[in-house]
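Bear in mind that the values in this text are calculations on the coordinates, not laboratory data. The structure displayed is predicted, hence computed values, not measured ones. When we count neighbours, we look across all protein chains shown, and the Cβ atoms used for this are built from the backbone with ideal geometry, even at glycine.
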Amino acid sequence: MKKIIEGSAQITINEGVFFNPKMEGLRTLSVLFLKAFDAKGSLIDCTAATGVRAIRYAKEVGIKDVTILDINKRAFDNAVKNMKSNGIDTKAFNEDLQAFAGRYEDQFDIIDLDPFGSAAPYIQDILKISKNGSLLMITATDTAVLCGAHLSACIKTYASRPLHGEPCKEAGLRILIGYISRIAAQFNFGIEVLLSLSDLHYFRVFLRLNKGAKKALDSVKTSGFGAYCHSCQNFVVKKGVVPSLNLSCEYCTNSMDPFGSLWIGNLYDKRILKDMYALAEGDAKDHINILVNEEDIPLFYSLPKITRHLHLGSVSPNKIISVLHEMGYKASATQFGKEGIKTNANLSEIRKILKEV
Ligand SMILES: C[S@@+](CC[C@H](N)C(=O)[O-])C[C@H]1O[C@@H](n2cnc3c(N)ncnc32)[C@H](O)[C@@H]1O
């Protein structure tokens with residue numbers, strides 16, 4: 001047994017119960033998100049483990065109606081004890097999320113899902129316990145699959161071809177969001193993406209559900225396909241259920257690698273991010289700062305890959321971003337790659353700037 005303090009939560013971690021101290025930063029971002037959103041109503045932590053998240057949401061955000069669930073008896077007992085010792089009144093269930101959701105008993109305003117590995121098997125279940133306006137906070141740690149390390153696993157689970165190249169993290173996160181939008185549409189929900197995170201070994205998406213057949217269809221139609229040139233870094237992304245893609249690279253005539261389908265809508269609600277930034281401190285503030293300034297455009301260019309291809313020396317991404325700004329383009333750093341640039345300039349313009357700089 002181990003005792004720890006994280007945020008306002010003072011918990012004990014029993015033998016055999018999952019707790020990853022490295023995810024503290026992600027839990028803090030979830031707290032900041034709920035605070036910035038001014039989230040209210042009933043909350044369920046579907047994969048509670050020690051209950052640390054539910055405790056922080058109750059104590060730091062002020063959520064009063066809290067339910068915890070965990071299939072594992074040891075985790076369930078541990079979470080119930082921690083909730084009590086932190087003075088939080090909770091409804092608690094020691095059962096499989098699928099069985100719980102199958103009873104259609106409760107519909108929650110805020111749903112946290114943080115499973116081992118893929119979130120895909122649980123998406124239907126959390127939609128069953130959702131309602132119009134519900135907030136979903138979903139973690140996925142099957143990033144290797146979503147990023148293309150296991151092509152057939154991604155096709156099997158997400159019905160999508162991954163991008164196994166430099167922008168793979170962003171493409172992987174967008175494949176996950178696209179998948180959620182398709183399952184949500186079966187329940188007549190459209191999705192509104194409020195925040196998307198990629199760090200360490202995880203993806204985390206924050207969505208609001210909006211009921212209606214038109215909203216559901218519009219969300220599904222906010223997906224598309226892309227093609228990526230592994231040689232020169234050129235990429236194209238096209239919206240549509242069956243968009244036409246030219247797979248011959250216009251810069252080097254190599255054959256481009258198709259990927260998708262994937263979400264090509266926005267990844268952030270900048271108003272929420274600005275409010276999160278105002279509330280944040282320390283590492284969380286630095287992390288949110290990148291997102292506040294990130295251009296919300298699909299995919300990005302990796303500068304070292306482009307300079308290597310052109311046999312040029314290395315350049316600072318900040319320098320190229322400021323030249324692009326001077327030329328009137330949108331340009332920013334990105335959470336998806338330290339040396340990456342998001343911009344609406346095309347590859348030939350970036351190459352020209354790199355040669356001049
Ligand atoms: C990654 S841990 C959750 C960690 C926790 N959210 C945190 O921040 O510390 C996943 C938890 O989900 C539980 N779990 C796995 N499958 C489940 C299922 N089908 N229904 C409910 N809980 C499940 C596991 O027992 C485990 O405690």
Nearest 10 degrees, 0 to 90: what angle lies between the long axis of helix 73-85 and the longest principal axis of the chain (Cα atoms)?
80
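In the structure shown, do any of Lys59/Lys274; Lys35/Lys215; Lys169/Lys211; Lys128/Lys211; Lys285/Lys305; Lys22/Lys84 have a Cα-Cα gap over 20 Å, and if so which? It would help to have the intermediate numbers written out before the result.
Details: Lys59/Lys274 23 Å; Lys35/Lys215 26 Å; Lys169/Lys211 29 Å; Lys128/Lys211 13 Å; Lys285/Lys305 29 Å; Lys22/Lys84 25 Å.
Long pairs (Cα-Cα over 20 Å): Lys59/Lys274; Lys35/Lys215; Lys169/Lys211; Lys285/Lys305; Lys22/Lys84.
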So, in Å, what gap is there between the alpha-carbon centers of region 332-346 and region 14-36?
28
Give the Rg (one decimal place) followed by the Dmax (whole number) of region 179-230, computed from C-alpha coordinates and expressed in Å.
13.1, 40
quick shape note, region 1-148: Cα extents on principal axes in Å, largest first -> 35, 35, 30
Helix 317-326 sits off the longest principal axis of the Cα atoms of the chain, rounded to the nearest 10 on a 0 to 90 degree scale, by 70
Placing one identical point scatterer on every Cα of the chain and ignoring solvent, what is log10 I(q)/I(0) from the Debye formula at q = 0.10, 0.11, 0.13, 0.15 Å⁻¹?
-0.64, -0.76, -1.02, -1.28
Dividing the mean separation of Cα pairs under 8 Å (6+ apart) by the residue count of region 171-293 yields a relative contact order in percent of 24
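Classify region 288-357: rounded, prolate or oblate, from the alpha-carbon gyration tensor (a ≥ b ≥ c, eigenvalue square roots; a/c under 1.5 rounded; otherwise prolate if a/b is larger than b/c)?
prolate
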Please tell me the relative contact order of the chain in percent, rounded to the nearest whole number, where contacts are Cα pairs under 8 Å and at least six residues apart.
12
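Given Cα positions, please report Rg to Rh for region 200-357, the hydrodynamic radius being the Kirkwood one.
Numbers: Rg = 17.5 Å, Rh = 17.5 Å.
Rg divided by Rh gives 0.99.
Take the chain, mark every one of the trypsin sites (Lys or Arg not before Pro) that falls in a DSSP loop and has at most 16 other Cβ within 10 Å, then report the longest stretch left between them, sites excluded.
Details: sites that count: Lys40, Lys64, Arg103, Lys131, Lys221, Lys330.
Answer from the scan: 222-329.
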Using only Cα atoms, tell me the angle between helix 168-186 and the longest principal axis of the chain; keep it within 0 to 90° and round to the nearest 10.
60
